[in-house]
1. Could you state, as a whole-number percent, how many of the C-alpha pairs of the stretch A:211-280 are farther apart than 17 Å?
2. Charges at C-beta only: +1 for Lys and Arg, -1 for Asp and Glu. How large is the resulting dipole of the protein assembly as shown about its Cα centre, in Debye rounded to 20?
3. Can you list the trypsin sites (Lys or Arg not before Pro) in the stretch A:256-290 that are in a DSSP coil and have 15 or fewer other beta carbons within 10 angstrom?
4. Quick one: among A:257, A:42, A:136, which has the greatest mean-square fluctuation in a GNM of chain A with alpha-carbon springs under 10 angstrom?
5. Suppose every K and R has +1 on its Cβ and every D and E has -1 on its Cβ; what is the size of the dipole of the stretch A:203-282 about the Cα centre, in Debye to the nearest 20?
6. Between 0 and 90 degrees, rounded to the nearest ten: what's the tilt of helix B:38-54 against the longest Cα principal axis of chain B?
7. With chain A treated as a Gaussian network of Cα nodes joined by springs under 10 Å, which of A:174, A:215, A:306 yields the largest mean-square fluctuation?
8. Need one value for B:70-80: mean number of C-beta atoms belonging to other chains within 10 Å of its residues' C-beta atoms.
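Read-outs: derived from the displayed coordinates by stated rules, not from any lab. The shown structure was predicted, so the numbers you read here are calculated from the model rather than taken from an experiment. For neighbour counting, all protein chains shown are included, and Cβ atoms are generated from backbone atoms with ideal geometry for every residue, glycine included.
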Amino acid sequence: MVPVFKAKEDKIMKKIINHPSQVVDEMLKGMLYAHSDFLEGIDETRVIIEKDKQPTVGLVSGGGSGHEPAHAGFVGEGMLRAAVLGEMFTSPTPDQILEAIKASDTGHGVLLIVKNYTGDVMNFDMAKEMAEMEDIQVASVLVDDDIAVEDSTYTAGKRGVAGTVLVHKILGHFAHEGMALNDLKSLGDALVTDIHTLGVALSGATVPEVGKPGFHLGESEMEYGVGIHGEPGYRRDTLKPSREIAKELTGKLMSEIMTKKTKKIGLLVNGLGATPLQELYVFYNDVIEELAKYDVEIVFNKIGDFMTSIDMTGLSLTVIRLDDDKRTVALEAPVGVLNW
Amino acid sequence: MELTGDKAKAWLLNFEAKIQEHKAYLSDLDQAIGDGDHGSNMARGTEAVKVNLEKIAEPETAEVLKQAAMALISKVGGASGPLYGSAFMQMAKTAKETTDIHELIEAGLEGIKHRGKADVGDKTMVDTWAPVVEALAKDALTNEAITQAVDATKPLKAKKGRASYVGERSIGALDPGAVSSGYLFTALVEEVLQ
Ligand SMILES: Nc1ncnc2c1ncn2[C@@H]1O[C@H](COP(=O)(O)OP(=O)(O)OP(=O)(O)O)[C@@H](O)[C@H]1O
Ligand SMILES: [Mg+2]
């Protein structure tokens with residue numbers, strides 16, 4: 001069979017796949033073949049879980065597929081215990097999340113880390129209720145770091161995007177150290193208020209089963225504030241040099257973070273799937289020069305693909321407040337996962 | 001009017017057929033103001049409902065509704081999975097007390113509202129369910145009444161779910177969940193009320 005798929009409008013989608021509907025399952029099988037030394041699956045589910053479970057609170061996260069390495073790439077010692085993979089860009093279902101919760105509990109309870117999207121919130125809530133009926137202690141932390149969206153009663157609220165990975169890392173470290181479920185929950189609730197993200201896109205992502213990009217940008221256009229599924233941002237503009245993009249994103253993120261008299265910050269430059277690493281570094285260079293305007297110390301950074309949007313071209317910048325050194329220690333602690 | 005087990009099964013099989021028929025349309029509606037997956041989400045879910053229901057030889061109302069709920073919860077995903085799932089779960093619970101159609105659908109609406117926290121006017125499936133419940137109370141549910149409720153979501157600005165991200169741009173578009181719920185109730189009219 002010729003591996004091309006006719007999309008609507010007769011455009012050809014070029015992807016190295018076998019069939020659009022098989023992508024999630026085949027990717028999952030591939031991951032398990034490659035990393036069976038420390039990861040395993042749960043039969044008849046799309047859950048990836050660490051083999052060696054410490055007697056601590058288990059962190060469970062997940063969401064739609066298409067954000068690789070999130071979330072399966074962060075399963076392992078010191079980070080997540082399990083990840084639940086949904087259909088492409090669609091939240092996983094409660095029964096699957098429930099299986100992940102049951103398999104992750106060692107009697108110390110399970111903490112769910114959920115990105116703020118209506119679908120994810122409701123499916124994880126249902127799973128939480130089902131797990132409680134089976135007498136498993138469950139708490140959840142909701143991440144809503146995307147400041148492109150206004151947080152009001154007229155929207156579903158701010159979205160959860162790349163900053164989620166920092167929550168995985170920090171809470172994962174404290175869980176590994178033996179912190180109790182309630183304390184992890186309070187720590188997490190406070191943490192998410194100190195993480196802010198903004199993304200830009202140069203092109204939309206193509207969900208294999210849809211066959212065409214989720215949105216269309218003109219040849220010389222870009223969009224500020226897009227979400228990780230291609231949700232609309234706050235402005236379309238002509239493509240700007242990296243320096244100007246850095247100036248805009250840094251300005252908005254810093255005005256958010258400086259409301260708390262912040263002295264120390266960490267930065268995450270995240271590729272959205274089809275942006276070369278070299279561009280991420282060009283952008284990081286501009287961010288650092290831009291930050292010279294502010295009286296802050298940069299005590300942590302990460303540059304790479306962490307929370308992608310299939311093949312979207314673009315990046316996001318996350319700023320996290322690190323005045324509390326314990327957070328920095330947690331970010332820097334070694335972990336046994338694939339993609340940190 | 002009562003919802004017998006046989007009628008419940010026929011109703012949901014008809015719903016499945018309508019969803020499969022309009023799968024692409026539902027996804028197109030969702031593409032305009034959401035992420036374009038509502039048709040495939042519902043097609044996957046109702047297909048599973050059909051599989052579950054075809055196994056039941058002697059349908060009993062509560063069991064039919066519960067099987068539908070389980071299939072929808074475990075197969076739809078997205079926002080509509082837990083919403084339709086909660087609706088059918090509440091209906092299944094209520095069916096143990098009464099099989100009156102109005103009371104059942106009203107319980108379903110409560111399930112949706114409890115899960116999604118949406119109100120009438122937020123441009124969601126609630127905008128189909130609420131007028132349907134009112135019409136059923138007066139024994140006056142017709143296809144026209146359903147179409148009217150669905151069409152009334154057009155001028156609304158979305159305040160819940162994915163569509164709320166496009167804000168003003170959602171005005172003028174039908175809500176995909178309201179449309180799929182429309183099919184649910186046209187199927188009810190065809191199989192049970194007529
Ligand atoms: N809070 C809510 N209450 C009631 N109905 C809602 C709510 N949020 C969304 N909906 C309904 O769900 C429909 C969208 O369902 P769909 O299957 O497309 O899930 P989704 O929003 O794309 O989920 P996901 O974000 O996980 O992909 C909307 O058209 C609307 O009718
Ligand atoms: Mg959708």
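1. Across the stretch A:211-280, Cα pairs with separations above 17 Å total 55 percent.
2. 940 debye
3. Those that pass, being in a loop and sparsely packed, are A:261, A:263.
4. Among A:257, A:42, A:136, the largest mean-square fluctuation in the Gaussian network model of chain A belongs to A:42.
5. Using only the charged Cβ atoms, the result is roughly 620 debye.
6. The answer is roughly 0 degrees.
7. A:215
8. Mean shielding by partner chains, rounded to a whole number: 6.
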